[in-house]
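The structure appears right after this line, and notes come after that.
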Amino acid sequence: MRKSMNSKRGGYTKQNHLELVRGGASFFEKMEQLIDQAQSCIHLQFYIYEEDETGVRIKDRLVQAVRRGVVVYIVLDGYASRGISDVFIKEIIDAGIHFRWFEPFFKSRYSYFGRRLHQKLLVSDAKAGLVGGINISNRYNDLHGQPAWLDWAVYTEGEVSAHLLKVAVDMWKQARWSFKRDAKLKIPLKPYFADSECLARVRQNDWVRARKMVTRSYYEMFRKASSHIYLMSSYFLPANIFKILLRRASKRRVKIKVVVAGTSDVYISKQAERYLYRWLLKHNIEIYEYTKGVLHAKIATYDSKWTTIGSYNFNYISTYASIELNVDVLDDEFALTTENKIQEIIAADCVRITEDHYRTNYNFLERTFQWLCFLLIRIIFYLFTFYFRPKKEGF
């Protein structure tokens, strides 16, 4: 693979092997492979873990790893994974798996206040990992003739995986707001260097620690792009600063294609998103709605040289509130592969939204409803993130 910059700049590591992984059966097969190959420790940290066929299958694989002598740590978001039964948790703990909830300040069955652990991470030893937007649930898997939600992850081997292990260990220590050292915490000391070279770096967002790495990666993309940007986002409600950067990139004649959900699991968010279509079209940004199923992806690439994949959504919650994790890949071949995959999806499974399409499909009352949804979402986001946003932010 060809490189575009020195690995010592920008936090990139060099000795890596990376693969783009589409959600569904291929993702969970890769996850099971990682678990089966682990020799020392496994860290699994997810936003949603459901006690369904997929969740039970992964749990059984982790139990088998414990029986081989592998130390397994699980951290789940205390709000989004609250549907797991006490019996299921007891089975995990009784099997010898170390388990912790990541708890917000306050939560109930219907609400929470505080950070949420939105990252999706599996890391095996200090050797290999999976990072993406895919949760552990049947709807992210290919089961019973029902295709998975469209999503992406990146499989990592090499130096960047050691960085992912550090992220996992740090999150384990934060869980439950406890900073007490765990005597059983097992950390492999020997780094692994892949035979191939591919520049990659780990990026985090965490407002408590003033980390805005993923956000700044997107700033960098919008500033540096000179030819084209492909952006696939499940909940596309960009903060004002991103709208400014999108407009500036478009004025530089950068061709921008945005792939969004046609059908969303969050109805009000989808209607609010549609309110933005006219703004995007006004600034010559191409919009494509994915129609084959539910789109849950969070991936972007530009100029056939750089890609970012992870849990980061294009909205205020990811920008200013949630704990997010992405991997940036600065590699021409990887970026071109990503672009080709997105182009294939656009050609086969998307409808292009034009000004005529928008006017024809949405009457005055529907457009008014979209505006009301957008207004409501903005109020909710503003109230939730008011204390976490900087007063002034440069880009």
* **Estimated 222 nm signal from helices in the chain, with DSSP H stretches of n ≥ 4 weighted -39500 (n - 2.57), rounded to 500** => -11500 deg cm²/dmol
* Asked: Helix 240-251 sits at what angle to the longest principal axis of the chain, using alpha carbons and giving 0 to 90 degrees rounded to 10?
  -> 60
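Net charge near Asn284: determine it from the other residues with C-beta under 10 Å of the C-beta of Asn284, scoring Lys and Arg +1 and Asp and Glu -1.
My count for the surroundings of Asn284 gives +4.
So for region 301-378, what percent of the C-alpha to C-alpha distances run longer than 21 Å?
Values: 1713 of 3003 pairs.
Tail fraction, whole percent: 57.
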* **Inter-label distance, nm, simple model (7 Å from Cα along the C-beta direction), Ala348/Ala25** => 1.4
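With the other protein chains left in place, how much accessible area per residue, in square angstrom, belongs to the chain at a 1.4 angstrom probe? Let's see the in-between values first.
Working: 17220 Å² over 395 residues.
So the chain comes to 44 Å² accessible per residue, rounded to a whole number.
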* Taking the alpha-carbon centroid of each part, what is the distance from region 270-314 to region 17-31 in angstrom? -> 22
* Structure fact -> Which of Lys59/Lys173; Lys166/Lys255; Lys14/Lys341 exceed 32 Å between C-alpha atoms? The answer is Lys166/Lys255
* Can you tell me which of 370-378, 332-340, 72-80 comes out highest on packing, and rank the rest after it, using the mean Cβ neighbours within 10 Å? => 72-80, 332-340, 370-378
* Extending each Cα 7 Å along its Cβ direction at Tyr192 and Arg252, get the distance between those two points in nm, one decimal. => 3.7
* To the nearest 10 square angstrom, how much accessible area does Tyr47 have with a 1.4 angstrom probe? -> 30
* Give the angle, between 0 and 90 degrees and rounded to the nearest 10, that separates the Cα long axis of helix 53-67 from the longest principal axis of the Cα atoms of the chain. => 30
* What is the diffusion coefficient of region 189-332 in µm²/s, taking the Kirkwood radius over Cα pairs and the Stokes-Einstein relation at 37 °C with a viscosity of 0.692 mPa s? -> 206
* To do: Among Cys41, Gln174, Ala210, flag the residue with its Cα farthest along the positive direction of the charge dipole of the chain, charges on Cβ as +1 for Lys/Arg and -1 for Asp/Glu.
  => Ala210
* Please tell me which of these pairs span more than 23 angstrom C-alpha to C-alpha: Lys30/Lys257; Lys257/Lys282; Lys30/Lys90; Lys212/Lys282? => Lys30/Lys257; Lys30/Lys90; Lys212/Lys282
* Asked: If you project the alpha carbons of region 209-275 onto their three principal axes, what span does each projection cover, largest first, in Å?
  -> 35, 34, 17
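Gain in length, Val266 to Glu333, computed as 0.36 nm per residue apart minus the alpha-carbon separation, to one decimal in nm? Let's see the in-between values first.
Values: separation 67, 0.36 × 67 = 24.12 nm, distance 3.45 nm.
Working it through step by step, the gained length comes to 20.7 nm.
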* What angle, in degrees between 0 and 90 and rounded to the nearest 10, separates the Cα long axis of helix 364-385 from the longest principal axis of the Cα atoms of the chain? -> 40
* Structure fact -> In order over region 210-225: 3J(HN,Hα) from phi, Karplus 6.51/-1.76/1.60, θ = phi - 60°, whole Hz, x for each Gly or Pro, gives 6, 9, 10, 5, 5, 4, 5, 4, 5, 3, 4, 4, 5, 6, 8, 4
* To do: Quote the accessible area belonging to His283 in square angstrom, nearest 10, computed with a 1.4 Å probe and with ligands, DNA and RNA left uncounted.
  => 30
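Using mean Cβ contacts within 10 Å as the protection proxy, how do 56-68, 343-355, 299-311, 203-215 order, highest first? Please list the in-between numbers first.
Details: 56-68: 16.5, 343-355: 14.2, 299-311: 24.7, 203-215: 18.1.
In descending order of packing, they fall as 299-311, 203-215, 56-68, 343-355.
Using mean Cβ contacts within 10 Å as the protection proxy, how do 261-268, 121-128 order, highest first?
Numbers: 261-268: 16.1, 121-128: 24.6.
Top of the packing list down: 121-128, 261-268.
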* region 45-68-region 211-228 distance, computed between alpha-carbon centres (Å) -> 35
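The values are calculated or read from the model by the stated rules, or taken from the named source; none is laboratory data. These numbers were taken from a predicted model, which means no experiment stands behind them. Because the Cβ atoms are built from the backbone with ideal geometry, glycine has one as well, and the counts that use them run over all protein chains shown. Quick note on the areas: whole protein, heavy atoms, side chains included, nothing else; ligands and nucleic acids left out. Shrake-Rupley method; radii C 1.70, N 1.55, O 1.52, S 1.80 Å.
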